[in-house]
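Values in this text are rule-based calculations from the coordinates and carry no lab data. For clarity, every value in this text was computed on a predicted model and none was experimentally measured. A quick note on method: Cβ atoms are made from the backbone with ideal geometry, for glycine too, and the neighbour counts reach across all protein chains shown.
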């Protein structure tokens with residue numbers, strides 16, 4: 001391959017933009033945006049993935065200070081709904097205290113420190129299971145057992161209000177930040193809401209939510225879903241229908257984006273698939289299988305996919321589909337908001353989150369949510385989380401993810417072996433591509449900034 005056949009910035013105008021030039025509908029300005037950010041090519045220290053001391057730094061300087069997605073608003077849709085959110089060795093409670101008010105508290109009793117709640121649910125008060133200290137949903141102290149023995153508690157009533165954690169919302173997601181002095185969520189997000197202005201994540205419902213424990217550092221997993229460089233080796237079956245090496249990568253502030261064109265053959269292929277073959281692979285058909293649908297003569301796979309998508313979504317979102325371009329129905333548009341939140345754009349249903357598995361720096365939790373539009377009227381109920389153990393396959397235990405489950409099996413097969421390799425590695429640094437791993441590099445640039453703060 002030459003630079004002109006790929007998304008390499010040295011080729012001038014990104015080739016993905018040339019694909020947009022062939023679109024049958026006006027392309028939204030957000031897909032025309034490019035950035036010109038370049039970073040050092042220095043190696044990333046292996047210790048960032050294997051060191052307990054770096055994990056402790058992340059706990060102190062990142063997870064205790066950064067805005068992080070805790071849940072969907074629909075997960076706590078009714079007053080009294082309460083959800084436990086854990087990050088590393090800390091636990092928080094997210095509570096809907098009124099129809100339009102969400103609060104977050106430290107998940108610890110102010111009496112002797114017992115965890116207040118272990119499970120999600122719906123309550124009319126927050127009561128400690130140990131001795132029975134109790135708080136109102138809004139955090140005010142409600143009841144003290146043997147109150148005659150605690151006059152000093154009532155004398156210090158303000159100190160016995162449940163300590164709150166900062167809460168913000170965007171796109172139907174609930175974010176928390178344990179840092180009392182943090183910047184507003186709106187400032188942290190930067191232009192990200194503007195990028196999603198045409199894709200309305202708030203008015204979607206969670207149709208699936210699967211989580212898997214993986215034996216690797218959370219960054220190993222997160223980074224695997226931040227680039228298309230791995231497709232040629234890990235997912236060779238989809239090469240006829242993905243322009244992996246044509247992917248465009250950009251970064252802005254605290255977030256980054258990659259756009260991988262679909263129903264476009266990979267530059268790695270040494271043969272040229274037909275439009276029908278590209279469509280068949282994209283619709284999870286093996287080469288040689290009967291097609292799900294036959295592309296009309298003279299129409300490209302991208303045009304046909306967009307046509308089918310408009311027909312499918314019109315009953316749900318109406319004529320808005322006519323204002324969406326072919327790329328929005330075809331391409332993988334995947335964002336990352338520092339440190340661990342990955343929402344996808346357009347009608348891609350995917351959202352990822354990656355976080356440490358408790359206080360273990362060498363295992364993590366990978367989550368995948370499907371967010372779908374719904375017709376006007378009552379929002380469908382949010383799917384409950386489906387937990388997979390480290391030895392459970394996605395395809396066997398998360399059928400709600402469809403064909404994506406098999407792709408995840410390929411991805412997550414690599415990840416524990418990456419962690420083992422990193423522990424074994426004599427070379428002290430991981431070497432990244434300058435362009436195709438730009439999103440990975442961006443996370444480490446931001447990690448450097450957060451770790452270096454006092």
antiparallel share of DSSP beta bridges within the chain, to nearest 5, in %, is 95
For residue 47 and residue 101 in one chain, what is 0.36 nm times their gap in residues minus the Cα-Cα distance, to one decimal in nm? 15.3 nm
Measure of compaction for the chain (Cα Rg per 2.2 N^0.38 Å): 1.05
What distance in nm lies between label points placed 7 Å from Cα along the C-beta direction at residue 322 and residue 111? 6.4
Tell me what the chain gives for mean residue ellipticity at 222 nm when only DSSP H runs of n ≥ 4 count, each as -39,500 (n - 2.57), the sum divided by the residue total, rounded to 500 deg cm²/dmol. -6500 deg cm²/dmol
Per residue, how big is the convex hull around the C-alpha atoms of the stretch 68-181? Give it to me in cubic angstrom, could you? 105
Expressed in nm to one decimal, what extension gain is obtained for the pair residue 409 and residue 272 from 0.36 nm per residue of sequence separation less their Cα-Cα distance? 46.6 nm
How far is helix 301-317 tilted off the main Cα axis of the chain, in degrees rounded to 10, range 0 to 90? 40
For 418, 324, 115, 312, order by how many other beta-carbon atoms lie within 10 Å, fewest first: 312, 115, 418, 324
Place a point 7 Å from Cα of residue 237 in the direction of its Cβ. Which residues in the stretch 382-407 have their backbone N less than 17 Å from it? 393-407
FRET efficiency estimate (nearest 0.05) - Cβ-Cβ, residue 400 to residue 431, R0 30 angstrom: 0.20
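In which sequence would 149, 89, 250 go, from the one with the fewest C-beta neighbours within 10 Å to the one with the most?
Ranking 149, 89, 250 by Cβ neighbours within 10 Å, fewest first, gives 149, 89, 250.
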Between the alpha carbon centres of the stretch 199-247 and the stretch 379-454 the gap in Å comes to 8
For helix 404-424, what angle does its Cα long axis make with the longest principal axis of the chain, in degrees from 0 to 90 and rounded to 10? 70
Between residue 24 and residue 197, what is the FRET efficiency for a Förster distance of 22 Å, r being their Cβ-Cβ separation, to the nearest 0.05? 0.50
Residues 206, 90 arranged by fewest to most Cβ contacts within 10 Å: 90, 206
Separation of the residue 57 and residue 181 label points, Cα + 7 Å toward Cβ, nm: 2.1
Potential extension, residue 387-residue 152 segment - 0.36 nm per residue separation minus Cα distance: 80.2 nm
Share of pairwise Cα separations in the stretch 290-397, more than 17 Å, in percent: 69
Mind listing the Cα extents of the stretch 98-144 along all three principal axes, in Å, largest one first? 32, 21, 16
